[in-house]
Amino acid sequence: MVSSSTVFKLIVVALVCTMVVTDAAKLFCRKRSIPPFPCLGYLTSGKDASYDPSCTAALAILKSSEQSTPILVKPDCDCWNQAATASIFGFPLYNHTAMANLSKKSNVVFPFKLDGTTNCDSL
């Protein structure tokens with residue numbers, strides 16, 4: 001029979017492993033700047049007036065690095081999916097319509113949708 005302290009230790013280990021994996025993914029997304037800083041105003045407000053033209057350049061750099069290093073495509077897709085579902089106290093952090101329209105607005109097309117609807121495992 002397994003003691004309750006052993007079960008507790010296993011639960012703690014599982015939680016720590018989950019946090020490490022989650023933090024590693026967040027660190028990758030921050031390191032890659034997904035979504036790019038110049039795009040945040042538009043993505044949070046969804047208003048055309050808040051679109052910063054340097055967002056286009058930032059997205060182009062991301063896409064270029066994916067083309068030269070294809071192994072980045074799936075993790076980048078995962079980061080966009082995380083951003084699409086990010087929330088604070090249950091309120092979405094980003095405007096989903098703005099995320100869906102970002103490729104069209106910037107003329108930078110990725111091999112996945114930026115609105116969090118892509119199954120990144122299929123890439």
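Bear in mind that the values in this text are calculations on the coordinates, not laboratory data. Keep in mind that this is a model prediction, so the values were computed, not measured. FYI the Cβ positions are ideal-geometry reconstructions off the backbone, even for glycines, and counts take in every protein chain you see.
Convert each backbone phi in segment 84-94 into a coupling constant with the Karplus relation 6.51 cos²θ - 1.76 cosθ + 1.60 (shift: θ = phi - 60°), then list the ³J(HN,Hα) values in order as whole Hz, x for Gly and Pro.
Those phi angles translate into 5, 9, 5, 8, 10, 6, x, 9, x, 6, 10 Hz.
Within a Cβ distance under 12 Å of residue 100, other residues only, what is the Lys/Arg minus Asp/Glu net charge?
+2
Could you give P(r) for segment 52-123, binned at 5 Å from zero, as whole percent values over all Cα-Cα pairs?
3, 17, 24, 26, 19, 8, 2, 0
What list of ³J(HN,Hα) values in whole Hz, one per residue of segment 43-53 in order, does the Karplus curve 6.51 cos²θ - 1.76 cosθ + 1.60 (θ = phi - 60°) give from phi, with Gly and Pro shown as x?
With the stated coefficients, segment 43-53 comes to 5, 7, 8, x, 9, 4, 5, 8, 6, 9, x Hz.
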